[in-house]
Amino acid sequence: MTHAHSRFLSLMVASVLLCAPAFVSAAEFRSGDQPSLSANEVLAEDLYIAGGNVTVAGQVNGDLITAGGNVIVRGSVSADVTGSGGTVMLLSDVGDDVRVGGGTVILQGAVGGDVLIAGGQLNLGGAGIAGDVVAGGGVIHLDAPVAGDVRIGGGQVVINAPIAGNVQVHADQLTLGSQADIQGTLNYTASQVVTMEEGAVVRGETHFEQGADVREAARSGLLAFFSLFLAAKFLMLLCGAFVIGLGFRGYAKKLVQAVVAQPLKELGRGALVALLAPLASIVLLCTVIGIPLGAISLFGFIALWITALLTAPVVLGSVLFRWMMKGKAYEVSWKTILLGSIVSFLVGLIPFVGWILPCAVMLITLGASFKIAWDTVKSWR
């Protein structure tokens, strides 16, 4: 394993494990297609929110952990913000650190701590950043005053704000705007000398190295981006598992009992459902008479598959927790769900074979879910 890969794995393990203490205290979990925190809501605890389009307009007096296709945060956050999405917009003040990745990231609020940010296009503005800035991406605009140091790797980098500390840049092109005022040392590697607009100032020493190692800068940006992406993937899995496990605890316990009673049988049933249900739906959709039944069948299969995906960590965590604690009963709680989510996520990072255990657990869960649904339908007769 190379040193870079070792650091990457260590970062991901740390990112996952650092999430664990948050669950000791109270937290709010929200997920769905368009989950939100309305403007009139004030949360006194952490908020975990994930979905297609996420909107946080209320006040969060704790950490905000979010992931989605589009994420908009308009309400203030008193502690950290960790998130990822296609487009991420932080338009309000953040009391502590910001760790965000996305295709496009816009930061317009004041930040009380450090900023770790990665993506395709980054725009950092607002009242100012009280700590350090580490950024990686394609096009980066830094227009917010920074009280600490700045380290950037990217393609086109524009700095147009006062920087109290040192600045280190690896880029194809670096531009210092008219508002740039670097108090410390400027170290940069680029394909050409920095472009300094009228009014730009570097008060410390300037060190320039010709010929930017763009590949190294790109690797650094991609590493940061995928680290945040995987963290967001874990958070989405965790939020969904919490919704199913804690919101439908009775169903979750029944599912666990069905899985542990006949795991091999449920594995076979799940494999058959995964294979035959889509084929049957397609066949029905190809006939005029069978279109309604095909649509219902396909919708039902998708619903079962999503349920199996979200409940697999619930089942795995319950089984592992009982084995670790040497208990007699299978428990479904925040502890078991967190354990199952962490194990599923970490095992999935293992190359080539990492998909086997999560896939097997999901198929077993799919089989048990189908059995429960089928028994419920039969009871209606």
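The values are calculated or read from the model by the stated rules, or taken from the named source; none is laboratory data. Values in this document were obtained by computation on a predicted structure and should not be read as measured data. Cβ coordinates were reconstructed from backbone atoms using ideal geometry, including for glycine residues, and neighbour counts include every protein chain displayed. What goes into the accessible areas is simple: the full protein's heavy atoms, side chains included, and nothing from ligands, DNA or RNA. Shrake-Rupley method; radii C 1.70, N 1.55, O 1.52, S 1.80 Å.
The table below gives the values:
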read-out	value
Accessible area of Tyr251 in the full protein assembly, 1.4 Å probe (Å², nearest 10)	70 Å²
Ala39-Ala57 pseudo-label distance in nm [points 7 Å out on the Cα-to-Cβ vector]	0.6 nm
Part-to-part distance (alpha-carbon centres) for the stretch 311-376 and the stretch 93-156, which is given in Å	37 Å
Interchain or long-range residues, amide H under 5 Å from Val133's placed H	Val115, Asp149, Val150, Arg151
Spin-label model distance (nm) - Phe299 vs Met324, 7 Å beyond Cα toward Cβ	4.0 nm
In sequence order, calculated HN-Hα J values of the stretch 194-206 (Karplus, 6.51, -1.76, 1.60; Hz; x Gly/Pro)	4, 8, 10, 6, 4, x, 6, 9, 10, 7, x, 6, 10
Lysines with Cα under 26 Å of Lys335, excluding same-chain neighbours fewer than 8 positions away	Lys233, Lys253, Lys254, Lys326
Two-site FRET efficiency, Ala261 against Val139, from Cβ-Cβ distance with R₀ of 56 Å, rounded to 0.05	0.50
Stretch gain in nm, segment Arg74-Lys254, where the contour uses 0.36 nm per residue and the Cα spacing is subtracted	60.8 nm
Computed lengthening from Leu276 to Ser379, 0.36 nm per intervening residue step minus Cα-Cα distance	34.7 nm
